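Taking it in order: structure first as structure tokens, then the write-up.
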Amino acid sequence: MPILGIGVDILHLPRLIDLLSRRGSNAFATRILSSQELRTFQLLSEQFGEGKTERIAQFLGVRWAVKEAAYKALYPIRPTWKEVTYLSFNRTTGVKPTLVYHPVRNDVGPANKLHVSVSHDGDYVYAQVIAEST
């Protein structure tokens, strides 16, 4: 199957932490997360509370970087933030990270298969997405 596009993004977490301290993590999460991701974020926020800003920022930062990379890989298709859902590695089942694109508009055409890779180390998150035609 032909590759339609490749997108990459790198995020410096302190920049996101600064943004979250000014605007609040809930407002940011509501803006960029799909409904499934938002439910996971809310559970994570309840579990960690406000004391774990770095962990919450990492959760949001990974999704931000993945969605930015997906946006670049899917061009000229312009997905909204909420149309792309990142499902991280599941240690129980061994299922690798998955990226799902659910367009809400009918004029987008057939969905593409998306491959995602994420790496985070210290203050940086890196995401790469490859869009493949179905």
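No lab work stands behind these numbers, since they all come straight from the coordinates. Computed from a prediction, not measured in an experiment: that's the story for all the values here. Cβ coordinates were reconstructed from backbone atoms using ideal geometry, including for glycine residues, and neighbour counts include every protein chain displayed.
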Sequence-separation-based contact order of the chain, relative, with Cα cut under 8 Å and 6+ spacing, percent: 38 percent
Can you spot the aspartates and glutamates whose alpha carbon is less than 13 Å from Lys82's alpha carbon? Ignore those fewer than 8 places along the same chain. Glu37, Glu68
When the Karplus curve 6.51 cos²θ - 1.76 cosθ + 1.60 is applied with θ = phi - 60°, which whole-Hz ³J(HN,Hα) does each residue of the range 28-43 get, with x for Gly and Pro? 5, 4, 4, 6, 10, 8, 5, 4, 5, 5, 5, 4, 5, 4, 5, 5
List the chymotrypsin sites (Phe, Trp or Tyr not before Pro) within the range 7-96 that fall in a DSSP loop (any state other than H, G, I, E or B) and whose Cβ has at most 16 other Cβ atoms within 10 Å. Phe89
Checking the range 1-106 for trypsin sites (Lys or Arg not before Pro) in a loop per DSSP with at most 16 other beta-carbon atoms within 10 Å yields Lys52, Arg91, Arg105
Note: the range 1-65, point scatterers on Cα, Debye, no solvent; log10 I/I(0) at q = 0.22, 0.23 Å⁻¹ equals -0.89, -0.96
Report the rotationally averaged projected area of the chain based on its alpha-carbon convex hull, in square nanometres. 8.5 nm²
For the chain, with +1 on Lys and Arg beta carbons and -1 on Asp and Glu, the positive-most of Val104, His120, Leu11 along the dipole: Val104
